[in-house]
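To keep things clear, I will list the structure first and then write my remarks on it.
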Amino acid sequence: MATTEGLVPITRTYLARYYDNYPLPPLPDATTDLAARLRALSADLAAVAPITPDEELLEQEAAGIPAHKIDENLWKNREQMEEILFLINTSRRPVALQQKSTPEDAQIVCTLDDIEAKLKDMLKKLEQFQLENADSVFNTVMTYMPQDFRGTLIRQQRERSERNKQAEVDALVSAGGSIHDRYALLWKQQMERRVQLAQLGSATGVYKTLVRYLVGVPQVLLDFIRQINDDNGEVFVNAPFFISAEDAGAMDASTKSDEYKEIIIPAGKTHEVILSVEAVNSYIAWDFSLQQGALNMVLDIGFHVEHISPSGEKTLILPHRRYEADQGNFCTVSSGSYKLVWDNSYSSFFKKILRYKVDAVPPVVEPALPAIVL
C-alpha cells in the first residue's frame, strides 16, 4: 500500500497553481467566425427544411449552456455524436442522395461520408479516453488501499457492479430505448458512482459499516473521495491525487493504522480465532504469514475454517491445508459462529511465529465499492 503519511487531498487552489505550468494553447482566431458561420448555415437549412421531431432534441442540446462538469461534457459530446451519426446514416438519407442522381448529390454524399468517418473516429477515441481514465483513476486509488483480501474484494465488487450496469443498458436498448434514453441512463449511473464514493468518504449509510471493517483505508483517500461531487473540484489528466500538507497550506494530515497481530504457536499446539457473523452472504477474510525465528526453521503451518452450530457441532468450511503464507483469502458464509484454526500440532519441536489479521466483513448492497470514473 502506498504511503499517505503527510499527504492531503488535492485542492482547487493547488490545482490552479499546478496548471499554471501547463497552459492550454489559445483557440485559433478563426474559431469565433467558424462558429457564427455554422449557426448561419444551420438557420438557412432550417428555413428550407424544418427540423423534424427526431432533430429537435439535438437542436436544444446544441443551443443550451454547456454542462459544468468535465465528465458530463464528455458524455454529452458522445451522445451528440451518436445522434448526428444516426441522422446522417445512409439509410436515412433522401433517395436522390442514396442514388447519387446528380453530380451535386454525389458531392454531398462524399461530404457526408467524410463527416461520418471523422465522427466515428472521434467517438471511438473519446470512449477509449474515458475507459483509460477510469482505469487510471481506479488503479491510482487502489495503490493507497490495503494490498490484501480487501483490495481483492474491492476489485471483485467493482467488476460485478460494472457488469450489472452494462446489463441495465443492454436491457434498455433491447426494449427500444433511444440514444438519449441510453445516455440519460449512463449519466445516472455515473452520478450514482460519484454519490457512492462520497458516501464512502463520509462513512454514511452502509459505508459506515464497510469502512469500520475495512480498517487501514487511509483518511486522506476518504477525504479525497468525499469531495468527488464538489462543483468547485475536478480531476484532470496528469493531476496529482495527493499533495503534501505543506503544499496545500494544511497543518496536519491523519492516517489510520492497519494492525496485524503476532503470536507464538508452540510445537504441538494450535491458535484459534472465533468470529461471530450476523448476516447471510457476509465474508470471513484472513491474511497471515510466518516470521523467521531462531527455532522456526520449518516455515509452514496447518490452517482451516470451521462453522460452529448453536449445539456445538463443527462443520469444516475450508479444508485443512499446510501453508507457508496465505495472502488475501476469504470465503462467503451465512450467519453464525466460525472458528479459524492455525495448527502447529504436527510439529514436535519447532514453534511458529504467526503474524495475522482476520475480519468479518458484512454484505454490501450492490454496487459495493463502485468504479471511479471521472
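Taken together, the values in this text are just the output of simple stated rules run on the coordinates, not laboratory data. All of these numbers come straight from a predicted model, not from anything done at the bench. Note: ideal-geometry Cβ built from the backbone for every residue, glycine included; neighbour counts use all protein chains shown.
How far is it, in nm, from the label point at Arg17 to the one at Asn139 when both lie 7 Å from their Cα along the line to the Cβ?
3.0 nm
Rank-order 62-71, 105-114 by packing density, defined as the average count of other C-beta atoms within 10 Å over each peptide's residues, highest first. Intermediate results must be reported in sequence, preceding the final value.
Values: 62-71: 11.6, 105-114: 13.2.
Packing order, densest peptide first, comes out as 105-114, 62-71.
Can you give me the convex hull volume of the Cα atoms of segment 65-160, divided per residue and expressed in Å³?
125 Å³
What ranking, highest mean first, results for peptides 263-275, 84-96 when packing means the other Cβ atoms within 10 Å averaged over each residue? Walk me through the numbers on the way to the answer.
On the way: 263-275: 14.8, 84-96: 12.2.
In descending order of packing, they fall as 263-275, 84-96.
Using per-residue counts of other Cβ atoms within 10 Å, averaged over each peptide, order 351-362, 300-311, 40-51 from highest down. Don't jump to the answer; show the numbers that get you there.
Values: 351-362: 18.3, 300-311: 15.8, 40-51: 10.0.
Taking the mean over residues of other Cβ atoms within 10 Å, the ranking is 351-362, 300-311, 40-51.
Give me the number: length gained by fully extending Gln156 to Ala49, i.e. 0.36 nm times residue separation minus the C-alpha to C-alpha distance, one decimal in nm.
Working it through step by step, the gained length comes to 33.3 nm.
Check Ser282: other-chain or 5+ apart residues with amide H under 5 Å from its amide H, H built from backbone geometry?
Residues meeting the amide H criterion: Val333.
Please give the length that would be gained between His304 and Phe86 if that part of the chain were fully extended, namely 0.36 nm times their separation in residues minus their C-alpha to C-alpha distance (nm, one decimal).
72.6 nm
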